[in-house]
Structures are given as C-alpha cells and as structure tokens.
Amino acid sequence: MRSSLDAPSVVERRPAGRRSGVRLKRSQREALAAYLFILPDALGLAIFVAVPMLFSLSLGFFSVNGFGGFRFVGLANYQRMLIDPLFRKSLWVTFVYVLILVPALYITGLGLAVLVNRRMPLIGVFRSMFFMPNVVSLVVVALTWQVMLVDKVGFVNRVFQLFGLPGYSWLGDPNITLYSILFVTVWFLMGYYMIIFMSGLQEIPREYYDAARIDGAGPWATFTRITLPLLRPTSFFVLLVSLVSAVAGSQAFDLIYVMTRGGPANSTSLVIFYIYQQAFQFNNYGYAAAMASFLVLILLVVTITLFAVTKGGRFHFT
C-alpha cells in the first residue's frame, strides 16, 4: 500500500516567462504614461488657477473688508460697476491700450524678424540687442524710462531741444501719458515677438523664394504671396498671446505702477490697475473680485472672437 507521501505531487507549473497580475495593452500603457506626465501640471493648474478663480468668482457676491468681515450682497458689486465712472474710464483706457498695442507689436515684431532674418555680418549682435530688454526686470525698465521722460531735463526732451523741437510732459500730460506707456511697452516686447516670428520665417523653405525670384516677383509680392500666407500659424499665435496679455495688462501693470500710478487724472488706469487699487489700497476685496470676474469674461469673449474671426488661425491675406 502506497502512502500519501509516495503519491505524485500535483503542482501546476506556470509557463516560463509568464507573470501573474493584470497585463495592459501597449496603447493602455502609453495612455497611462501620458496621464501620469500630465498629472503634475493638472494638479498645479487646479490648485493655483482653478481654485483661486472659483474663489474669486464667489467672492464677488460678498462685501469683504479684508479684516475677516464677509457679508453677502448678491449682485450689488456688479451693479456698482455699471455706475462707477472710474471703472468705465478704466475700460475705455484698456480698450485704447489694446487697440494700439496689439497691431504695434505685430508690425514691429514681424518687421524686426524680416530685418534680422538675413545673412549679414554681426547679425547675431543685432538680434541680441533687440531681444535684450526682455532679460531686464520691468521695474528697472520703468525706472529707467521714467528718468528719461522727466519734464525739461529728461534725455528725450534734451534730444528734442537739439533739433529745435518743443519738449513735452510725457508722464504729466493726460493726453499723451498713455501713449508714452505704450511706446515703452512696445520697445520692451518687440524683441520677444521678433523671436517668435523668426522661428516661423526659418520654417519657410528657401525654394519658394528662389522660385519667386526666377518668376520675377518683387519683394512686396514675395512678402504678401509667400511670407504672410505661410506665417498664418505664427501670426495667429502672436495675435492671441498679445491680445490676451494686453487685455489682462500683464506687462503694463509694472510700468504703470512705477511710472504713473494710474495718473495723471486716471489716464493710464487700466482695468487691472483699478482692480489692484480697489483690493489693496481701499480694501474693497469683494468689488475687486467682481471686476476681476468681469475681466475674465472679457478675455473669454475676446479669445472666442479671435478664433471665430480667424477660423482658428486659418485666415487669409489678400
């Protein structure tokens, strides 16, 4: 009689190389890896952008004094915007600022890119000179231009006097102060957009220009028939970025805060600066949050309008 110890053991052996657990398909592994790479940015956007935006939107329905006092007021802050003359003026100043700045940045950025996208001696030096303002702090830029634009003794007025031209109160005249800020903003940003346009220009095959030259096309025909049409994606990106940043006043805030503080006579008080004043100078946090929500709505409308007008960047030049 055979004992149980002598019975052959029945042990199921797994094939060599086969592992237990759930096996994912290749497409599923790639999707999982993609989501894991996106997760840190998604968390950052949710914590530092989405949550503050939702908090600001809700804060617009309260009266907040900055010292712990919250009182629900409904739409009172939004009704106040409709009758606030300073807010309406800041909207108009922002409109003029955007209307001038966006085309100016497009023209100067594209013009400089075409100018320096050539093979010539010391071209790298010229490119660096045009881009150099972007590596300097905006506060330093504002202080430098503030000294240069001082009445009578400023560098700009001294140059005007050398040519027999009258000097101007660049930062004291409500009629021209906004244009002074615009000039400094364009001077500061044009090198940045020059680099973007240069990247687009260098993606255009040289064969197109050679063929146009053989066909007898002049510089203007080459520019309008080859360069501009092939720069549509780059042009759309430049217009979108410059438009959003101009409406938000992201670059202008530092210049205005240092050079004019919104004056004279609120002639340079953009919406973003007026929001800052109401929140951090007058402690009207609820009212400032309501204006900020309204500004975000304007940005959404402007962005959607740009996409609709250009059909997502597929606009045509004639």
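The values are calculated or read from the model by the stated rules, or taken from the named source; none is laboratory data. Being a predicted model, the structure only gives us computed values, none of them experimental. Neighbour counts run over all protein chains shown; Cβ positions are idealised from the backbone, glycine included.
Residues in the range 192-232 that are of a type in the set (S, T, N, Q) and either touching a Ser or Thr at 6+ places or on another chain (Cβ under 8 Å) or surrounded by 11 or more Cβ atoms within 10 Å (Cβ to Cβ) (or both) were compared, and the one that is nearest to Val116 (Cα to Cα) is Ser199. Test Ser56 against the criterion of being under 26 Å from Gly262 (Cα atoms), surrounded by fewer than 11 Cβ atoms within 10 Å (Cβ to Cβ) and of a type in the set (Ser, Thr, Tyr), and give yes or no. No, not satisfied. Please enumerate the residues belonging to the range 278-294 that are surrounded by fewer than 17 Cβ atoms within 10 Å (Cβ to Cβ), part of a helix (DSSP H, G or I) and either of a type outside the set (Phe, Trp, Tyr) or touching a Pro at 6+ places or on another chain (Cβ under 6 Å) (or both). Answer for the range 278-294, where residues must be surrounded by fewer than 17 Cβ atoms within 10 Å (Cβ to Cβ), part of a helix (DSSP H, G or I) and either of a type outside the set (Phe, Trp, Tyr) or touching a Pro at 6+ places or on another chain (Cβ under 6 Å) (or both): just Gln281. Counting residues in the range 216-231 that are within 23 Å of the chain's Cα centre (by Cα), among the basic types (Lys, Arg) and farther than 28 Å from Thr144 by Cβ gives zero. Residues Ser250, Ser267: which one is closer than 30 Å to Val150 by Cβ and over 19 Å from the mean Cα position of the chain (by Cα)? Of Ser250, Ser267, the one residue that is closer than 30 Å to Val150 by Cβ and over 19 Å from the mean Cα position of the chain (by Cα) is Ser267. Within the range 59-85, restricting attention to residues that are surrounded by 13 or more Cβ atoms within 10 Å (Cβ to Cβ) and modelled with pLDDT of 85 or more, which residue is farthest from the chain's Cα centre (by Cα)? The extreme case among them is Ala76. Within the range 113-126, not a single residue is within 24 Å of the chain's Cα centre (by Cα), more than 17 Å from Asn284 (Cβ to Cβ), assigned to a helix (DSSP H, G or I) and of a type in the set (Phe, Trp, Tyr).
Scanning for something touching a Ser or Thr at 6+ places or on another chain (Cβ under 7 Å), among the aromatic types (Phe, Trp, Tyr) and either closer than 27 Å to Ser56 by Cα or surrounded by 19 or more Cβ atoms within 10 Å (Cβ to Cβ) (or both), does the range 252-261 turn up at least one residue? Checked the range 252-261: no residue is touching a Ser or Thr at 6+ places or on another chain (Cβ under 7 Å), among the aromatic types (Phe, Trp, Tyr) and either closer than 27 Å to Ser56 by Cα or surrounded by 19 or more Cβ atoms within 10 Å (Cβ to Cβ) (or both). Applying the criterion of at least 1 residues that are modelled with pLDDT of 90 or more to the helices (runs of 4 or more DSSP H) found wholly in the range 152-267 leaves 177-201, 232-248, 252-259.
Scanning the range 127-151 for residues that are assigned to a loop (DSSP other than H, G, I, E, B) and farther than 17 Å from Tyr192 by Cβ yields a count of 3. Within the range 97-112, the set of residues being surrounded by 14 or more Cβ atoms within 10 Å (Cβ to Cβ) and either more than 19 Å from the chain's Cα centre (by Cα) or not aromatic (Phe, Trp, Tyr) (or both) comprises Val98, Ile100, Leu101, Val102, Ala104, Leu105, Thr108, Gly109, Leu110, Leu112.
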